[in-house]
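Novice: I have a structure I would like to understand better, so I am pasting it below and will then ask my questions one at a time.
The values are calculated or read from the model by the stated rules, or taken from the named source; none is laboratory data. Since this is a predicted model, take the numbers as computed values, not measurements. Cβ: placed from backbone, ideal geometry, glycine included. Neighbour counts: every protein chain shown. The protein model used for the area step is the full one, side chains on, heavy atoms only, and it has no ligands, DNA or RNA in it. Shrake-Rupley method; radii C 1.70, N 1.55, O 1.52, S 1.80 Å.
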Amino acid sequence: RAVLPSPSRCTVTRQRQDSSSHKSTHKLQFTMKLSLATISLLASSAKAFAPAAQPLSRVSTTQIHILAGTETAAERAAANFDSKPAENADFDKMVKKAFPGAISNKELVTKAVAALDSKGFTPANTLLCTSLCADELARILEDDLNEVYGHNFNLGGLAGFPFAGNTGFGAMSAHVPDDGYCFLVHGPHVGISKDGVIGKVERSGIALVDNCCGSAIAASNYLKGITDGGAKITTKLQQFSDFQQGAVQELILPFGKRLARAEDRMRELPYALYDSQEVLVTDIVNTGKGSIKKGLALLGGIQINTSPDTLDYFHPLRFDYYDENGNFVEDLLPSL
């Protein structure tokens, strides 16, 4: 005899089935919502860590900035000096009396650019290389040239010595554009105040008329202590945390008598430093000349820094042109 389930039992069974079905549906819905939420979160995370979109016109700041375009080097130079202070005739005479042969940065850049243009140097195919002091005042000439040729490769350190050496020159040579040129500018710097004091200069935002070049003056004082017999004996030959200054002091040692006999020690100091640097720069160029591409122009001299409201000056002492084989071709100094 068949036993039929009671109505109450059927109801319970149906309720359990309905409950199980509801739970399955709820679980599926929850799982789907969780999956969608997870996908959304992952997408947001990926977007958050994705590189930011760059404007099409922006150039990476890590690139060597060789200038291209339709403007000539002469046009770029002229545009740069439109915003510079006007030449001061009285101050110009004072500077040139203290440093015969000096010319303003405006005249230097204008004439140097014209001379290099005749050799094929353009903003698009020239890498500017400098060996100038770490002082911010040394950036003025560098900036004037950057406006023409773009970012520079830096070889220099304290007092303008080429501390990057042969390794730096080799790296720089590899960055010169294919079938292009290098324009290397080097030299120490010296200040001259508005009232004509050599070795001093006014700086923007500073009331004190400051020393310039501080590294050179410190080296001169070190040397004076030796020649005058007042230097303290030390067993510390070199200190890594100040090795550049230690090197400057050693490299100026051969000029002790010359500076001691000078009528104006502060005026003679940058020229003594230049003579020491020229030996080093020449050796570096000769060692690395095999890596020169189409040509190299080498401009050496003394940077003369002045107050913020007057033009800076430069006393050019060397302007040589070398061919792709590193052979000296022409003295361009008369063009300045």
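Novice: Read through the list (1) open to solvent by 70 Å² or more (accessible area, probe 1.4 Å); (2) assigned to a helix (DSSP H, G or I), then give the number of the only condition that GLU71 fails.
Specialist: Unmet for GLU71, out of (1) open to solvent by 70 Å² or more (accessible area, probe 1.4 Å); (2) assigned to a helix (DSSP H, G or I): (2).
Novice: In the range 251-292, how many residues are over 22 Å from the mean Cα position of the chain (by Cα) and among the hydroxyl-bearing types (Ser, Thr, Tyr)?
Specialist: Of the residues in the range 251-292, 3 are over 22 Å from the mean Cα position of the chain (by Cα) and among the hydroxyl-bearing types (Ser, Thr, Tyr).
Novice: I need every pair where a residue in the range 89-117 that is in contact (Cβ under 8 Å) with a residue 24 or more places away in the chain has its Cβ under 6 Å from the Cβ of a residue that is part of a helix (DSSP H, G or I) and of a type in the set (Asp, Glu), sequence separation at least 6 or different chains.
Specialist: Pairs that qualify, where the first residue is in contact (Cβ under 8 Å) with a residue 24 or more places away in the chain and the partner is part of a helix (DSSP H, G or I) and of a type in the set (Asp, Glu), are ASN105/ASP144; VAL109/ASP144.
Novice: Does the range 259-278 hold any residues that are open to solvent by 50 Å² or more (accessible area, probe 1.4 Å) and either closer than 24 Å to VAL201 by Cα or in contact with a Cys (Cβ under 8 Å, 6 or more places away or on another chain) (or both), and which are they?
Specialist: Residues satisfying the conditions are ALA260, GLU263, ASP264, ARG267, ASP275.
Novice: Quick one: would you say ILE284 is farther than 23 Å from ALA159 by Cβ, open to solvent by 10 Å² or more (accessible area, probe 1.4 Å) and in contact (Cβ under 8 Å) with a residue 40 or more places away in the chain?
Specialist: Against the criterion (farther than 23 Å from ALA159 by Cβ, open to solvent by 10 Å² or more (accessible area, probe 1.4 Å) and in contact (Cβ under 8 Å) with a residue 40 or more places away in the chain), ILE284 does not qualify.
Novice: Do you know which of the residues in the range 136-173 that are in a loop (DSSP other than H, G, I, E, B) and small (Gly, Ala, Ser) is farthest from VAL285 (Cα to Cα)? I'd like the intermediate steps shown before the answer.
Specialist: To start, the set of residues in the range 136-173 that are in a loop (DSSP other than H, G, I, E, B) comprises 151, 155-157, 161-164.
With small (Gly, Ala, Ser) added as a condition, the list becomes 156-157, 164.
Details: GLY156: 14, GLY157: 17, ALA164: 12 Å.
By that ranking, first place goes to GLY157.
Novice: Would you confirm whether any residue within the range 287-304 is open to solvent by 50 Å² or more (accessible area, probe 1.4 Å), among the aliphatic types (A, V, I, L, M) and touching a strand residue (DSSP E or B) at 6+ places or on another chain (Cβ under 7 Å)?
Specialist: The answer is no, given that none of the residues of the range 287-304 is open to solvent by 50 Å² or more (accessible area, probe 1.4 Å), among the aliphatic types (A, V, I, L, M) and touching a strand residue (DSSP E or B) at 6+ places or on another chain (Cβ under 7 Å).
Novice: Using the structure shown, decide if GLU147 is of a type in the set (D, E, K, R) and either in contact with a Ser or Thr (Cβ under 6 Å, 6 or more places away or on another chain) or closer than 23 Å to VAL176 by Cα (or both).
Specialist: Taking the combined requirement at face value, the residue satisfies it.
Novice: In this structure, is PRO254 loosely packed, with under 14 Cβ neighbours inside 10 Å and within 23 Å of LEU158 (Cα to Cα)? Give the steps one after another, and end with the answer.
Specialist: Working: loosely packed, with under 14 Cβ neighbours inside 10 Å: yes; within 23 Å of LEU158 (Cα to Cα): yes.
Yes; evaluated as a whole, the condition is true for this residue.
Novice: Against the condition assigned to a strand (DSSP E or B) and either closer than 28 Å to ASN88 by Cα or of a type in the set (A, V, I, L, M) (or both), how does VAL185 come out, does it pass?
Specialist: Yes; evaluated as a whole, the condition is true for this residue.
Novice: Go through the range 106-144 and report how many residues are buried (at least 23 other Cβ atoms within 10 Å of the Cβ) and of a type in the set (S, T, N, Q).
Specialist: 3
Novice: Oh, and also: Restricting to the range 305-334, and then to whatever is among the β-branched types (Val, Ile, Thr) and open to solvent by 10 Å² or more (accessible area, probe 1.4 Å), can you tell me which residue is farthest from THR110 (Cα to Cα)?
Specialist: Restricting to residues being among the β-branched types (Val, Ile, Thr) and open to solvent by 10 Å² or more (accessible area, probe 1.4 Å), the top hit is VAL329.
Novice: Are any residues in the range 197-211 touching an Asp or Glu at 6+ places or on another chain (Cβ under 7 Å) and open to solvent by less than 10 Å² (accessible area, probe 1.4 Å), and if so, which ones?
Specialist: Matches in the range 197-211: VAL201 only.
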